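Visitor: Pasting a structure below so you can have a look.
The values are calculated or read from the model by the stated rules, or taken from the named source; none is laboratory data. These figures come from a predicted structure and were not determined experimentally. Here Cβ is always computed from backbone atoms with ideal geometry, including for glycine, and neighbour counts include all displayed protein chains. The protein model used for the area step is the full one, side chains on, heavy atoms only, and it has no ligands, DNA or RNA in it. Shrake-Rupley method; radii C 1.70, N 1.55, O 1.52, S 1.80 Å.
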Amino acid sequence: QVQLVESGGRLVQAGGSLRLSCAASGRTLSTYTMGWFRQAPGKEREFVSAISWNGGSTYYADSVKGRFTISRDNAKNTYLQMNSLKPEDTAVYYCAADRSRVVVTTSKGYEYWGRGTQVTVSS
C-alpha cells in the first residue's frame, strides 16, 4: 500500500514561488511514475506535470511550461517547484503515483493519490 502526503501549499502573491513536496510512505516509489494534478473550484482536475520512474523524462501542461519544474529523489519524495505564480494557478494540488512506467497525463492513469495541498495566488 502506498500513501502520499503533499505539503508546501500556502497563500502567495502573484509572481512569487512555492515548492510543493510529496512524501510517500508504505514503500519506496523508485519504479513508479509520479504526477502532479490540480483542481480549482468548479473545475475538473487537470494535469500539471509528470516525471518518469528514473527521472529521465518530464512532462508539463502548456499552462505551466517554463514556470514549473518537477523533480524526484527516486526514494520517497517528489517535488514541484512553481515560479512566476499567477492567480489562475490557484487550486488544490494533488500528488499521484502509478506503478506503470508509461507516463500518462490523465488522472485515470494513476493508482495512488494524496489528499492535496491548497495553493492560493493573490493578485
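Visitor: Along Cα→Cβ, 7 Å out, is where each label goes; now give me the distance between the ones at Ser57 and Lys108 in nm to one decimal.
Guide: In this crude spin-label approximation the distance works out to 2.0 nm.
Visitor: Also, I was wondering about something else. Compare Gly55, Gly42, Gly26 in a GNM of the chain, Cα atoms joined below 10 Å, and give the one with the largest fluctuation.
Guide: Evaluated over the chain, the most mobile residue of the options is Gly42.
Visitor: Express the accessible area of region 1-72 per residue in Å², computed with a 1.4 Å probe while the remaining protein chains stay in the model.
Guide: Each residue of region 1-72 exposes 50 Å² on average to a 1.4 Å probe.
Visitor: Here is a follow-up. Can you list the HN-Hα couplings for region 8-16, worked out from phi with the Karplus curve (6.51, -1.76, 1.60; θ = phi - 60°), rounded to whole Hz and with x for Gly and Pro?
Guide: x, x, 6, 7, 9, 7, 4, x, x
Visitor: Now for a separate question. Name the long-range amide H neighbours of Lys86: under 5 Å, sequence gap of 5 or more, or other chain; modelled H, no Pro or chain starts.
Guide: Amide H neighbours of Lys86, under 5 Å, 5+ apart: Gly15.
Visitor: Oh, and also: Count the net charge of all other residues whose Cβ sits under 10 Å from the Cβ of Met34, scoring Lys and Arg as +1 and Asp and Glu as -1.
Guide: 0
Visitor: Then there is this: Along region 46-56, what does the Karplus equation 6.51 cos²θ - 1.76 cosθ + 1.60 (θ = phi - 60°) give for ³J(HN,Hα), rounded to whole Hz, x for Gly and Pro?
Guide: Listing the rounded values in order: 10, 5, 10, 6, 8, 9, 6, 4, 9, x, x Hz.
Visitor: Next question. Report the Stokes-Einstein translational diffusion coefficient (µm² s⁻¹, integer) for the chain, Rh taken as the Kirkwood radius over Cα pairs, at 20 °C with viscosity 1.002 mPa s.
Guide: The calculation lands on 152 µm²/s.
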